[in-house]
Amino acid sequence: MRAFSFILALVAAATLTRAAIAQIAVDLSKHQIEITSGFDGAELLLFGYDTRGGEVVVIVRGPPETISVREKERTAGIWINQDEVTFKNAPSFYFVATTEGLRGDGKLETILESLGVGPRYLGMAPVDSSLSPERVNQFREALITLRERDQLYAKEPGHVLMREDRLFRTQVPFPSSTPIGDYTVTVYEVIDGWPVLGTETPLRVRKAGFGAFVYNTAHDHPALYGIVAILIALVAGWFGGWAFRKS
Amino acid sequence: MHVYLPIAEISVNVFLLLGMGAGVGVLSGLFGVGGGFLMTPLLIFIGVPPAVAVGSEANQLVATSITGVLAHWRRKSVDFKMGSVLLVGGVIGSTGGVFLFKALQKLGQIDLVISLCYVVFLGIIGLLMFSESMRSMLKQKRGVARRGKLHKHTWVHGLPFKMRFHKSRLYVSALLPLFVGMLVGVLAAIMGVGGGFIMVPAMIYLIGMPTSVVAGTSLFQILFVVANVTFLQAWQNQTVDILLALLLLVGSVLGVQVGIRLGAKLPSEQFRVLLAVLVLLTCGKLAFDLIATPGNPFSLALGGGH
């Protein structure tokens, strides 16, 4: 990934007349989000320094997933799932933020499209669907809408605030249903309307504490987990009955 | 105060879960039902994935039913022989049910099947209960004693493999409880219920067991069936959330006791009608959701379907 972005940066630099190389440094307030039992969403601060003081685009993406979109249709009076399209490489989380200069007039959209990183341009490829491209597009839109509803995809681009033409920062909101995995946080500098890869910084979302222990046991030792679940319930039920019989 | 449920992967208010446990617990204590048929739809309603709702509710029912079985055991109101035959059917049925659940999930039709099962069974049981309790209420008012034949001979008594059940004072085909147990087992796995609301009427009307042993025996069977469902759902589908089950359990253990004490003071017939109404309302809501045009016909499923 790193090597790839480096090459991208080189290509971008080479194609530009003004040999534009982004000159920005970025960091996150935290490089790890821990989902503990008390987790109810989180907000990270992304901040950086831009020597040139231009426009900046921030993109945060969760690990890619394979996901099925199903459509209900009325059949014999009731609504039943009928058509289904499976997409590969759909990011589990997507957030974009930009400085004021790129807002409106579809400027941001053009940049995202050229980079292939907007929600509609991410290489979310349908897996051998027999449906027409128009229908597949409908399903793609439905996927984006549903994820926007769950606050996993940003509905509106966030604000990157510029201070003294050099310092910038933005808040990245994560809902309580934030999926786990390795995220990519990419920052582009826009020079003369051209996006140039500035920098990438890692972000990891993982379960921690008791919740992580439960989750890992359930997946690594499912049979043992099942037996323990039954034993806990038996003891709790027995204890409940005993406690109230005494009283 | 929110708590993140590690398997359901959602954050829910702790007091909401405790309250749901207590509320359904009170109803359980009041009416002597497990309450799974109310709890599972409620869990799905607050956003718990259906598969996790079913698996975790089965886990919670293990606790509820052991409390009940122990109480009935002390009162010697469990027919262990009948319970064991029901249980054999129950284990076969619930094992098949868990695998059926997995297959339906893959096809993307599990939510539909869960809803349809609820609508059909809650509808039938609700109507039967409603008419039955209305009738007995009317009779009570008129002061007419119940009458009925002691023994009716039907096709049921013509079945082979007859077995003697001393406790229930019955001599019937073992196929009958085996079949009832199997049906309840499938439902337990798919609907996340103990199945008492199906089994109790079936034991009374179909098998002809005396009411004194019905509750204890059905709880005995339910205990093993829900334990089997918990194990298989955990093992095969990783859909048992211990934390969720525990939170519901705390509420329900308290609620059940309140319900039992409340039930001793209140007229039971009127409350039977109330339970019937509650069952019919749940059924109506689920039926409405199946028929009404959804706000968004699209839904997502991780991992790709077929």
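The values are calculated or read from the model by the stated rules, or taken from the named source; none is laboratory data. Quantities reported herein were computed from a predicted structural model and do not represent experimental measurements. As a convention, Cβ positions derive from the backbone with ideal geometry for all residues, glycine included, and neighbour counts pool all protein chains shown.
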query: Within the group A:VAL228, A:VAL214, A:VAL205, which residue is over 29 Å from A:LEU45 (Cβ atoms), among the aliphatic types (A, V, I, L, M) and touching a Pro at 6+ places or on another chain (Cβ under 8 Å)?
result: A:VAL214
field: Criterion violated by A:ILE227 - all others in (1) of a type outside the set (Gly, Ala, Ser); (2) within 30 Å of A:GLU100 (Cβ to Cβ); (3) within 9 Å of another protein chain (Cβ to nearest Cβ) satisfied
entry: (2)
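Residues are listed down the side, and each one gets a yes or a no for (1) under 19 Å from B:PHE271 (Cβ atoms); (2) within 12 Å of chain A (Cβ to nearest Cβ):
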| residue | (1), (2) |
| --- | --- |
| B:ILE7 | no, yes |
| B:SER11 | no, yes |
| B:VAL14 | no, yes |
| B:GLY25 | yes, yes |
| B:THR40 | no, no |
| B:PHE45 | no, no |
| B:PRO50 | no, no |
| B:GLN60 | no, yes |
| B:SER65 | no, yes |
message: Against the condition within 10 Å of chain B (Cβ to nearest Cβ), under 21 Å from A:PRO175 (Cβ atoms) and modelled with pLDDT of 90 or more, how does A:VAL96 come out, does it pass?
response: no
field: Complete set of residues in region A:20-71 that are surrounded by fewer than 16 Cβ atoms within 10 Å (Cβ to Cβ), under 25 Å from B:LEU5 (Cβ atoms) and more than 14 Å from every other protein chain (Cβ to nearest Cβ)
entry: A:LYS30, A:GLN32, A:GLU43
- prompt: Among the candidates B:GLN221, B:GLN233, which residue alone is within 20 Å of B:GLY36 (Cβ to Cβ), away from chain A (no Cβ under 14 Å) and assigned to a helix (DSSP H, G or I)?
  reply: B:GLN221
task: Evaluate the following for B:LEU254: is it crowded, with 17+ Cβ neighbours inside 10 Å, more than 9 Å from chain A (Cβ to nearest Cβ), of a type outside the set (Ser, Thr, Tyr) and more than 18 Å from the chain's Cα centre (by Cα)?
output: no
task: Look through region A:230-247, keep the residues that are within 7 Å of chain B (Cβ to nearest Cβ) and small (Gly, Ala, Ser), and return whichever of them is surrounded by the most Cβ atoms within 10 Å (Cβ to Cβ).
output: A:ALA233
message: So if I check each of A:SER114, A:SER130, which one is over 12 Å from the mean Cα position of the chain (by Cα) and touching a residue at least 60 places away in the same chain (Cβ under 8 Å)?
response: A:SER114
- line: Those strands (runs of 3 or more DSSP E) completely within region A:123-201 that have 3 or more residues that are of a type in the set (D, E, K, R) are none
query: So which residues in region A:26-85 are among the charged types (D, E, K, R), closer than 26 Å to A:THR201 by Cβ and part of a strand (DSSP E or B)?
result: A:ASP27, A:GLU34, A:GLU43, A:ASP50, A:GLU55, A:ARG61, A:GLU65
query: Restricting the first residue to region B:6-27 and requiring it to be closer than 11 Å to B:LEU243 by Cβ, which pairs with a second residue that is of a type in the set (Asp, Glu) meet a Cβ separation below 7 Å and a spacing of at least six or different chains?
result: B:PRO6/B:ASP241; B:ILE7/B:ASP241; B:ALA8/B:ASP241
- prompt: Counting just the residues of region A:171-206 that are touching a Ser or Thr at 6+ places or on another chain (Cβ under 9 Å) and among the polar types (S, T, N, Q), which one comes out nearest to A:GLY118 (Cα to Cα)?
  reply: A:THR186
- prompt: Of (1) part of a helix (DSSP H, G or I); (2) within 14 Å of another protein chain (Cβ to nearest Cβ); (3) buried (at least 16 other Cβ atoms within 10 Å of the Cβ), B:ARG261 satisfies all except one. Which?
  reply: (3)
query: Does region B:52-100 hold any residues that are among the small types (Gly, Ala, Ser) and within 20 Å of B:VAL180 (Cα to Cα), and which are they?
result: B:ALA58, B:SER65, B:SER77, B:GLY83, B:SER84, B:GLY89, B:GLY90, B:GLY93, B:SER94, B:GLY96, B:GLY97
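Listed here are the residues, each with its yes/no results for (1) facing chain A (nearest Cβ under 10 Å); (2) among the hydrophobic types (A, V, I, L, M, F, W, C); (3) more than 19 Å from B:MET199 (Cβ to Cβ); (4) in contact (Cβ under 8 Å) with a residue 60 or more places away in the chain.
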{"position": "B:GLY55", "(1), (2), (3), (4)": "yes, no, yes, yes"}
{"position": "B:GLY68", "(1), (2), (3), (4)": "yes, no, no, yes"}
{"position": "B:LYS76", "(1), (2), (3), (4)": "no, no, yes, no"}
{"position": "B:GLY83", "(1), (2), (3), (4)": "no, no, no, yes"}
{"position": "B:GLY97", "(1), (2), (3), (4)": "no, no, no, yes"}
{"position": "B:LEU112", "(1), (2), (3), (4)": "yes, yes, yes, yes"}
- request: Determine which single condition B:GLY194 fails, assuming it passes every other condition in (1) more than 10 Å from chain A (Cβ to nearest Cβ); (2) assigned to a helix (DSSP H, G or I); (3) touching a residue at least 40 places away in the same chain (Cβ under 8 Å).
  value: (2)
